[in-house]
Amino acid sequence: MLPTTEFALLRRIAGEQATNRVPSLVAAIVRDGEIAWWGARGHLADRVEPDADTQYRIGSITKPFIGMLVLRLRDEGALELNDRLETHLPGTDFGHLTVAQLLSHTSGLTAESPGDWWERSSGTSWDELAARLDGNDVRHRPGARFHYSNVGYGVLGELVARLRGTSWSEALRTELLEPLGMHRTTPAPEGKHATGWAVHPFADVLLPEPAHDAGAMAPAGQLWSTLTDQARFTALVGGHTGGVLSQDTIAEMRMPQAVDSGGDPNNAWAMGYGLGIQLARNQGRVLAGHTGSMPGFLASSMIDPVTGTGAVAMANTTAGPAILGLVLDLISLADELEPALPAPWQPAETDPALLPLTGLWHWGPAPFYLRVLPGGWLHLGPASGPGRASRFRPLGDDRWEGLDGYYAGEILHVARTTDGAPHHLALATFIFTRTPYDPEAPIPGGVDTGGWRA
């Protein structure tokens, strides 16, 4: 990046590290699936500086990886998101909860596991955890509200293990980490890594934090990772899937399933949650990724899927820095000081048979334009101003499936004349015609025979 941009980014992380007394902090900007800039402040020990290959514990950033494993199982047909847990993991007192509810923190399941604080205690087996949980640990009506549940991801980790016939960590290594080249993301620290510290609130002294294996709760926050690997994860959330997930699946994971108003009396939301992915609203845009914390560590990864700019930050302190705010600021700085250039326009291969579909159509009296997109996709949207707009994916036989907006999942059908010319569009009971309320088309309710009049 430009020297002026790099200095502004470095100054931001330097201020965070110094002001909040962080032992060490690393951060990076991610663009086009790669690290565009990275920086570090502070020391690990004996004046050793952290770098892009230093491991930090990433805590709940483990959760999106579990979500991706579950979505891979869904894509393979091994489960459905609306399946009740008992279908695949029998023997619990909360088998009525669905997979989707667990993924999106809308199951109502208790936030923390019964017993001692799991983040600072040696973990138990799944059987021990399941035995401690009962029907009383469902705190809210399933689907009623967002309620963050670490326990829910312990359950999902066991679900992955049962369906794969191996541990969740082994499934993660073989299905995601190795194909993506994330060899420095591990359940326990390996090689160069940061020590987790608590910083005294009123003195410049440190206390080491424990780093136990969380056992059955490990899927909620066990992993360690590096800046290099977390940049790859950030790019994955943004759509650079590396073949481990489809573009459609990662986009589905980013779709808001629940919002968290944080007690705002106006119910405005700044944070939300998809399927294993956390969402943050900032300066008019929605970013995707996750935050993480464990005793001695804080981490955050976020990306704007629209601009493709993301950021990662990791620190070895229990509290102090506003790690999410830092990441959001880094993204804003990068896009403000050095906005990414749009890809140059170039002609695309287009089926000539689609061209007669393009142009002006009318929903009643309202004009819409139909455009052809690369890959035979279509876009239908208002000719001007706001309104219902959607992209459509080809299904064959003059049928397209809506991908977003009001018509997501709905089928657009092209009706033709006897000579094969497109006559009207049928979409979710609505009829679009070349002229407003064409009397020759099957307009619902019919068209007044008197026609248009003054």
Checklist entry - Among the residues of segment 185-192, is there at least one that is under 30 Å from G95 (Cβ atoms), assigned to a loop (DSSP other than H, G, I, E, B) and in the same structural domain as Q257 (by TED's automatic domain parsing)? => result yes
Checklist entry - Looking only at residues in segment 242-279 that are crowded, with 19+ Cβ neighbours inside 10 Å and among the β-branched types (V, I, T), which one is nearest to E178 (Cα to Cα)? => result I250
Checklist entry - Looking at segment 380-399, which of its residues are assigned to a loop (DSSP other than H, G, I, E, B) and either basic (K, R) or not assigned by TED's automatic domain parsing to the domain that holds P367 (or both)? => result R388
Checklist entry - Checking G310 against (1) modelled with pLDDT under 95; (2) over 30 Å from L370 (Cβ atoms), which single condition isn't satisfied? => result (1)
Checklist outcome for this item: Restricting attention to segment 81-101, the residues that are over 16 Å from S149 (Cα atoms) and either among the basic types (K, R) or touching a His at 6+ places or on another chain (Cβ under 9 Å) (or both) number exactly 2
Item to check | Matching option when the condition is under 26 Å from the mean Cα position of the chain (by Cα) and in the same structural domain as Y273 (by TED's automatic domain parsing), among V48, V22, V70 | outcome: V70
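So that you can scan it fast, the table gives a plain yes or no per residue for (1) assigned by TED's automatic domain parsing to the domain that holds S293; (2) farther than 19 Å from F297 by Cβ; (3) at pLDDT below 95:
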| residue | (1), (2), (3) |
| --- | --- |
| G135 | yes, yes, yes |
| F146 | yes, yes, yes |
| V199 | yes, no, no |
| V205 | yes, no, no |
| A214 | yes, no, yes |
| A220 | yes, no, no |
| L227 | yes, no, no |
Checklist outcome for this item: Flagged in segment 80-91 as out of contact with any Gly (no Cβ under 9 Å at 6 or more places or on another chain) and crowded, with 19+ Cβ neighbours inside 10 Å, in numbering order, are none
Next on the checklist: Tell me whether segment 289-305 contains one or more residues that are of a type in the set (A, V, I, L, M) and assigned to a loop (DSSP other than H, G, I, E, B).
Outcome noted: no
Checklist entry - On the given criteria, is P356 modelled with pLDDT of 95 or more, out of contact with any Asp or Glu (no Cβ under 7 Å at 6 or more places or on another chain) and in the same structural domain as A428 (by TED's automatic domain parsing)? => result yes
Item to check | Qualifying positions in segment 221-239 - under 16 Å from the mean Cα position of the chain (by Cα) and either in a helix (DSSP H, G or I) or crowded, with 19+ Cβ neighbours inside 10 Å (or both) | outcome: Q230, A231, R232, F233, T234, A235, L236, V237, G238
Checklist entry - Looking at this structure, is G33 surrounded by fewer than 21 Cβ atoms within 10 Å (Cβ to Cβ) and at pLDDT below 95? => result yes
Checklist entry - When segment 45-87 is examined, which residues are found to be charged (D, E, K, R), modelled with pLDDT of 95 or more and in a loop (DSSP other than H, G, I, E, B)? => result D51, D53, E80, D83
Checklist outcome for this item: Picking from T317, T291, the residue that is crowded, with 22+ Cβ neighbours inside 10 Å, touching a residue at least 40 places away in the same chain (Cβ under 8 Å) and among the hydroxyl-bearing types (S, T, Y) would be T317
Checklist entry - What helices (runs of 4 or more DSSP H), lying completely within segment 102-179, carry at least 2 residues that are touching a Pro at 6+ places or on another chain (Cβ under 7 Å)? => result 150-164, 168-172
Next on the checklist: Based on this model, can you work out whether T435 counts as in contact with a His (Cβ under 6 Å, 6 or more places away or on another chain), surrounded by fewer than 16 Cβ atoms within 10 Å (Cβ to Cβ) and among the polar types (S, T, N, Q)?
Outcome noted: no
Checklist entry - Looking only at segment 73-101, which residues are touching a residue at least 24 places away in the same chain (Cβ under 8 Å) and either in contact with a Phe, Trp or Tyr (Cβ under 9 Å, 6 or more places away or on another chain) or not assigned by TED's automatic domain parsing to the domain that holds R173 (or both)? => result L85
Checklist entry - Looking at segment 383-390, is at least one residue among the polar types (S, T, N, Q), within 27 Å of D248 (Cβ to Cβ), touching a helix residue (DSSP H, G or I) at 6+ places or on another chain (Cβ under 9 Å) and surrounded by 16 or more Cβ atoms within 10 Å (Cβ to Cβ)? => result yes
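The values are calculated or read from the model by the stated rules, or taken from the named source; none is laboratory data. Just so we're clear, the structure is a prediction, and the values are computed from it rather than from any experiment. All Cβ positions, even for glycine, are placed from backbone atoms using ideal geometry, and neighbour counts span all protein chains on display.
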